[in-house]
Amino acid sequence: MEENTKLLREKLAELADLRASSAVLEWDQLVNMPEGAAVDRGEQIATIEKIQHIKSTSDELGQLLDDLTECTKGLDPDSDDTRLVRVAKRNFDKQAKVPTEYVTEIARESTVAQSVWEKAKDASNFAMFQPNLERLVELRRQYADFFKPWDHVYDPLLDDFEPGMKTSEVQEIFNTIRPKQVELIKAISEKEKVDRSFLYLDFPEKKQWEFGEEVITKFGYDWKHGRQDKSAHPFTTSFGINDVRITTRVKESYLPTAMFGTFHECGHALYEMGIAQNLNRSPLADGASMAVHESQSRMWENLIGRSKQFWKHFYPRLQELFSSQLGNVSLEKFYRGINAVEPSFIRVEADEATYNLHIMLRLELEIALMEGSMAVKDAPDAWNQKCKEYLGIIPSDDAEGILQDVHWSFGGFGYFPTYALGNLVSAQLWEKMSEEIKDIEEKIETAKFDAILAWLRESVHVHGAKYEPQELVQKVTGSKITPEPYIKYLNSKFGEIYGL
Ligand code: CO
């Protein structure tokens, strides 16, 4: 057994190294690479991925995992070794169920679909993209079939992002939260609009950058094991636990973009940096799921970064950096401005109160497409109708409606719900943390984040991917993912801001 465990760790470490190597290439591509290198870079990444695929589906690895699964049966189910075998076996079995021809086919179809989607989006013409989307829907349904039997056709897609989670669980959660969020937005829309015009002045990039780095240094971002660069879309990437990098983008004409983007990515990075060292170079050196990952980024971005306590400390510094723009804007006015609620069409620009509704709309459409209860051609109308129902507004064209997100163009069905679940988990963890760290507000007000980070480390980060998301949330908070803490958080925060 010991011999076999050692062998498994070696094999998995090699796979982790390959994954990290292609992540370096991808990071470089998005941050540094000269345009003319794109084709060669594509080949390089494909070569590494091919080697990775061969190694990760080898009979030898399969046999080793079978043997070890037997051996670990009587052992502590929560030990690193038992969990490592379980997660590796799970990944192996999933990969083994998907034929190589399918992998090649979806890769080809999604490459084509992405470029068609870009053109269709520019032209704001869904009909251009429709045949590609039809093909991708068909392919994803085929994918689900590889994992039969299931309770719902959407389960295998969701499982890729939220291990162990079922469609019915997500639907139940969303059904609870939807009417409450719709009601909140309606109440807010009857109140006077909040002024946020001062966020749209000219804010020089260098100072924005400086401010972001000052804040995340206080959060606990470790510059010895990370760095921040610029990219078109912000992201976090890790080449193992000891090198976790973030990127951001800066808009000089809109202050919140870089600031909250930096806080958000830092939240993802703190998670990766906090995973226990002994899980490094293994499949456990990862987040528990996309939702749990997003709970960390949203917590630093929103629950901390958009709180009044936070700005009590940091606003004077921001005013110092931007004295001509913000010198005459009071803390209260600034706080309300960065938290203004306004139904809008574009998900990535949505505020905290409306964001989840954008997600629910997408989830409902994805489920209907996968079930076959809605044809692709009818999707734009369904989109607009739901938009009206949930947000009270109707997109004027496809670009600001159904064509806005990249996800469907690479067949990424199952991904969207993780964003909303992440919001819920962030509030649920926060509630628990606030019980255990008594003076949490005072700590934020004095920019002392070490107790918060330590709590997150111990409860969430160190475990990496040892536990499935529902298991982890249950372990930390005493219950599975539940929407109540988030609803409570929204109602109290926006109730105060809008006087509801
Ligand atoms: Co994120």
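Quick note: the coordinates plus some simple rules give every number you see, no bench work behind them. Keep in mind that this is a model prediction, so the values were computed, not measured. When we count neighbours, we look across all protein chains shown, and the Cβ atoms used for this are built from the backbone with ideal geometry, even at glycine.
List the pairs from LYS230/LYS333; LYS443/LYS466; LYS193/LYS388; LYS180/LYS480 whose alpha-carbon separation is above 23 Å, in the order I gave them.
LYS230/LYS333; LYS443/LYS466
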Would you tally the net charge around GLN95, using a Cβ to Cβ cut-off of less than 12 Å, leaving GLN95 out, and scoring K and R as +1, D and E as -1?
-> +3
With the Cα gyration tensor of region 1-94 in hand, convert its eigenvalues to equivalent ellipsoid semi-axes via √(5λ) and list them largest first in whole Å.
-> 34, 13, 9
When you have a sec, figure out the Kirkwood radius of region 323-399 from all distinct Cα pair distances and drop it here in Å to one decimal?
-> 14.5
For ILE241, net neighbour charge (Lys/Arg +1, Asp/Glu -1) across residues whose Cβ lies under 11 Å away = -3
Where does region 344-500 land on the Kirkwood hydrodynamic radius, alpha-carbon pairs, in angstrom?
-> 18.0
Any lysines with Cα under 20 Å of the LYS148 Cα? List them, leaving off those in the same chain fewer than 8 positions away.
-> LYS89, LYS94, LYS97, LYS166
So what's region 425-500 giving for Cα Rg divided by 2.2 N^0.38 Å, two decimals?
-> 1.22
Mind checking which aspartates and glutamates have their Cα closer than 17 Å to the Cα of LYS312? Skip sequence neighbours fewer than 8 apart in that chain.
-> GLU214, GLU301, GLU320, GLU332, ASP439, GLU441, GLU442, GLU445, GLU496
GLN474 versus GLN29: modelled label distance in nm, points set 7 Å from Cα along the beta carbon direction | 3.9
About its Cα centre, how strong a charge dipole does the chain have in debye, to the nearest 20, once Lys and Arg get +1 and Asp and Glu get -1 at the Cβ?
-> 880
Highest to lowest packing among 241-251, 40-50, scored as the average C-beta count within 10 Å | 241-251, 40-50
Cα-derived Rg over Rh, computed across region 136-226 with Rh taken as Kirkwood radius | 1.20
Using unit Cβ charges (K, R positive; D, E negative) and no other charged atoms, how large, in debye to the nearest 20, is the dipole of region 2-127 about its Cα centre?
-> 360
How large is ³J(HN,Hα) for each residue in region 414-420, as worked out from phi by the Karplus curve 6.51 cos²θ - 1.76 cosθ + 1.60 (θ = phi - 60°), to whole Hz, x for Gly and Pro?
-> x, 7, 3, x, 4, 5, 6
Report the FRET efficiency, 1/(1 + (r/R0)^6), for ARG317 and THR69, where r is their Cβ-Cβ distance and R0 is 51 Å, rounded to 0.05.
-> 0.40
Region 42-76-region 414-474 distance, computed between alpha-carbon centres (Å) = 32
What number, rounded to the nearest 500 deg cm²/dmol, is the helix-based mean residue ellipticity at 222 nm of the chain, given -39500 (n - 2.57) per DSSP H run of at least four residues and division by all its residues?
-> -20500 deg cm²/dmol
Using every pair of alpha-carbon atoms in region 127-279, split the distances into 5 Å bins beginning at 0 and state the percent of pairs per bin, rounded to integers.
-> 2, 8, 11, 10, 9, 12, 17, 16, 11, 4, 1, 0
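Go through region 209-266 and name the GluC sites (Glu not before Pro) that are in a DSSP coil and have 15 or fewer other Cβ atoms within 10 Å of their Cβ.
Those that pass, being in a loop and sparsely packed, are GLU252.
Tell me, what is a quarter of the convex hull surface for the C-alpha atoms of region 11-61, in nm² with one decimal?
Details: hull surface 13.4 nm².
That works out to 3.4 nm², a quarter of the Cα hull's surface.
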Would you please put 309-319, 64-74 in order of how densely packed they are, using the mean number of other Cβ atoms within 10 angstrom per residue and starting with the highest?
-> 309-319, 64-74
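I'd like the FRET efficiency for ASP439 and ASP195, computed as 1/(1 + (r/R0)^6) with the beta carbon distance as r and R0 of 35 Å, rounded to 0.05. The partial results should precede the final answer.
Numbers: r = 33 Å, r/R0 = 0.94.
Taking R0 as 35 Å, the efficiency between ASP439 and ASP195 is 0.60.
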Relative compactness, the chain, computed as alpha-carbon Rg over 2.2 N^0.38 Å = 0.98
